[in-house]
Amino acid sequence: MNQKAQPILLILCIVLTTINTAILTTNFITAQKFITRVDKLIVQMTNQLMETMEGFNVNQPQATSKSYVFIPSGTYTTFLLKDKAVVVIDSMSFAVESEVCKTAIERNRDKIMDALMTLFMRKSKIELSTPSGIEALKSQIKDTVNRIIGLDESNGVKEVYLYIKAVSGTD
């Protein structure tokens, strides 16, 4: 929590506790007058808290990530595997950090597709048939794309989302 916000939150808690005590220990009209005065104080404190917390976002990684569709759903992109099997990718998208990353991916699309072809040719049907194999593949795709576009995970591709339609032998 932001160090500047702690005293404000503490004061807010004290005020709310005082309101509750006033309601329980005095008559309703006195409590209402007190609440009206405190209401103005709460608005001021809330505004001050918002100013203090400006730019502080608890969910920052999720808030800044954007999605980039690399292989649109329904295109059924096929890659050859090392054991003469094939994998059919229904869709692939990336969680990216910036428009710069998206632009770099678009500019290097051919290099990325070539690298994906090579990456898949190192995989076997068995490797792509397990959850750990899929997670390893996604991590390798992320690392490969970030290497090609010259960015790292902090400002490049954060996650790879992959929907494999089929893995099948060609025999």
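The values are calculated or read from the model by the stated rules, or taken from the named source; none is laboratory data. Predicted model only: the values in this text are computed from it and were never measured. Neighbour counts are summed over all protein chains in view; Cβ atoms, including those assigned to glycine, are modelled from backbone coordinates with ideal geometry.
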Kindly check whether there is at least one residue in region 142-164 that is more than 24 Å from V100 (Cα to Cα) and not polar (S, T, N, Q). yes
Could you tell me how many of the residues in region 74-85 are farther than 18 Å from S139 by Cα, touching a Ser or Thr at 6+ places or on another chain (Cβ under 7 Å) and not in a strand (DSSP E or B)? 3
Considering I112, I164, which residue is closer than 18 Å to K84 by Cβ and within 24 Å of the chain's Cα centre (by Cα)? I164
Lone unmet requirement of (1) at pLDDT below 95; (2) within 22 Å of K66 (Cβ to Cβ) for L116: (1)
Would you mind finding the one in K84, K40, K102 that is under 19 Å from L151 (Cβ atoms) and either modelled with pLDDT under 95 or touching a helix residue (DSSP H, G or I) at 6+ places or on another chain (Cβ under 9 Å) (or both)? K102
For D152, indicate whether it is of a type in the set (D, E, K, R), at pLDDT 95 or above and exposed (fewer than 15 other Cβ atoms within 10 Å of the Cβ). no
